[in-house]
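Every number in this text was worked out from the coordinates using simple rules, so none of it is lab data. None of the values given here were measured: they were computed from a predicted structure. Here the Cβ positions follow ideal geometry from the backbone for every residue, glycine too, while neighbour counts run over all protein chains shown.
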Amino acid sequence: MVWPPPGVSGEPHEFTTAAYWPDTGDPRAGKRYAGHHARILEERGTLARVAVCPPGRSRQPEARPVTMWIDLASPEHCDAGAASLTAIGTRDAPKEGALFLITGHV
């Protein structure tokens, strides 16, 4: 099976989710995250104003990103922590790429 499927117009991380096993002591334990493509527009410490593309559409020129402030160090916002799938960050980290936002609890 090829993933993402042929013909889609997003990055592979836009078709990826992560769930962290409950009761492990990890701050992300019991939380579920979905991958998005995002670009950091502004930074204030660990807070970042990001432009988040609609899921699976980051390569479409007409796609309109949604902007929001999130704490890139908080597992209540994204999968911040050891072995995080989120690839963007503040300071010297990349400014565009994968951002795994919280979607709920398992």
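Entry note, the chain: relative contact order of 29 percent, from Cα contacts under 8 Å with a spacing of 6+ residues.
Per-residue 3J(HN,Hα) values for the range 18-33, derived from phi via the Karplus relation 6.51 cos²θ - 1.76 cosθ + 1.60 with θ = phi - 60°, read 9, 10, 9, 3, x, 6, 10, x, 6, x, 8, 3, x, 9, 10, 10 Hz in sequence order (x marks Gly and Pro). Counting Lys and Arg as +1 and Asp and Glu as -1, what is the net charge of the other residues whose Cβ lies under 15 Å from the Cβ of Arg39? Counting the neighbours of Arg39, the net charge comes to 0. All C-alpha pair distances within the range 45-84, sorted into 10 Å bins from zero, spread as 28, 40, 29, 3 percent across the bins. Rounded if a/c is under 1.5, else prolate if a/b is larger than b/c, else oblate: which is the range 1-46, with a ≥ b ≥ c the root eigenvalues of its Cα gyration tensor? Oblate, since a/c reaches 1.5 and b/c is not below a/b. Along its first, second and third principal axes, ordered by size, the range 20-74 spans 42, 27, 12 Å in Cα coordinates.
Against the empirical 2.2 N^0.38 Å (N residues), the chain has a Cα radius of gyration ratio of 1.06. Placing a pseudo-label 7 Å from each Cα along the Cα-to-Cβ vector at Thr16 and Ala87 gives an inter-label distance of 0.8 nm. Subtracting the Cα-Cα distance of Thr103 and Thr67 from 0.36 nm times their residue separation leaves 11.3 nm of extension gain.
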